[in-house]
Amino acid sequence: VEGLEANGVEINGGVISLRAYNDGINACDNSATGTTPYISISDGSITSNADGDGIDSNGDLTVSGGEIYVSGPTSDSDSALDYDSTATVTGGTVVAAGYSGMAQNFGTDSIQGSILLTCQSASTEAIRVTDASGSVLAEFAPAKAYSCVIVSTPALKQGGTYTVTMGGQSTVSYTHLTL
């Protein structure tokens, strides 16, 4: 029921498209190995359509490159991104959509900006992020309804103005990012 599962998951390239009835990518705790679970993504194109967590590390989550698109859970008991220790983004593009009950953003050790937004009600509309000049930085049409979105791209910079269109709501502009 998991798309990819191991104590340590490292993705360094390729094209991965998952449909999982539980977690899309899962770093599970395996006490027998004596190691901390982790997920490390440095390159590749990943699409995760999961009924459980889109990406779930029972330890650390690190994203340093690649393109990651998550159609996460449609229940508040799971999240598009889920981690137990830390989540760090230093590169790549991430657009993760799911429900907001357990929503988590990337942590403060990240050197690339990220935005976490919630909708007033669930939506199936495409997500689009543009900069102040109207250039599209990221765009994704989730496979199912969502009420929460996490976005990170190398173009997001502290002090910049970004417009996120999602959930059928009016466009919202942001100048403060999680860094």
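The values are calculated or read from the model by the stated rules, or taken from the named source; none is laboratory data. Bear in mind the structure is a predicted one, so any value in this text is a computation, not a measurement. Cβ placement follows ideal geometry from the backbone for every residue including glycine, while neighbour counts extend to all protein chains displayed. When the accessible area is computed, the model is the full protein with side chains, heavy atoms only, and any ligands, DNA or RNA have been set aside. Shrake-Rupley method; radii C 1.70, N 1.55, O 1.52, S 1.80 Å.
Identification of strands (runs of 3 or more DSSP E) wholly contained in segment 23-71 with 2 or more residues that are open to solvent by 10 Å² or more (accessible area, probe 1.4 Å) and either modelled with pLDDT under 95 or small (Gly, Ala, Ser) (or both) yields 38-50, 60-71. Being outside any strand (DSSP E or B), more than 20 Å from Pro142 (Cα to Cα) and touching a strand residue (DSSP E or B) at 6+ places or on another chain (Cβ under 8 Å) is the requirement here; does Ser85 meet it? Against the criterion (outside any strand (DSSP E or B), more than 20 Å from Pro142 (Cα to Cα) and touching a strand residue (DSSP E or B) at 6+ places or on another chain (Cβ under 8 Å)), Ser85 qualifies. Taking the listed residues Glu5, Glu10, the one that is without any contact (Cβ under 8 Å) to a residue 24 or more places away in the chain, surrounded by fewer than 19 Cβ atoms within 10 Å (Cβ to Cβ) and either in a strand (DSSP E or B) or polar (S, T, N, Q) (or both) is Glu5, with no other qualifying. Taking Thr74, is it closer than 24 Å to Ile111 by Cβ, of a type outside the set (D, E, K, R) and assigned to a loop (DSSP other than H, G, I, E, B)? It is false that Thr74 is closer than 24 Å to Ile111 by Cβ, of a type outside the set (D, E, K, R) and assigned to a loop (DSSP other than H, G, I, E, B). Flag: Thr90 matches the condition of being modelled with pLDDT of 90 or more, in a strand (DSSP E or B) and either on the phi > 0 side of the Ramachandran plot or surrounded by fewer than 18 Cβ atoms within 10 Å (Cβ to Cβ) (or both). Looking across Asn105, Asn30, one residue alone is of a type in the set (S, T, N, Q) and in contact with a Leu (Cβ under 8 Å, 6 or more places away or on another chain). It is Asn105.
For segment 99-116, taking the residues that are outside any loop (DSSP other than H, G, I, E, B) and of a type outside the set (Gly, Ala, Ser), the one that is farthest from Thr130 (Cα to Cα) is identified as Leu116.
Whether any residue in segment 108-122 is among the small types (Gly, Ala, Ser) and more than 19 Å from Gly66 (Cα to Cα) is what I want to check. Scanning segment 108-122 turns up at least one residue that is among the small types (Gly, Ala, Ser) and more than 19 Å from Gly66 (Cα to Cα). Looking only at residues of segment 93-106 that are in contact with a strand residue (DSSP E or B) (Cβ under 6 Å, 6 or more places away or on another chain) and open to solvent by 20 Å² or more (accessible area, probe 1.4 Å), we find that the one that is nearest to Ala20 (Cα to Cα) is Tyr99. Evaluation of Ala96 against the conditions (1) part of a strand (DSSP E or B); (2) modelled with pLDDT under 95; (3) not β-branched (Val, Ile, Thr) shows that the sole unmet condition is (2).
Would you call Ser85 of a type in the set (Ser, Thr, Tyr), open to solvent by 40 Å² or more (accessible area, probe 1.4 Å) and farther than 17 Å from Ser40 by Cβ? Taking the combined requirement at face value, the residue does not satisfy it.
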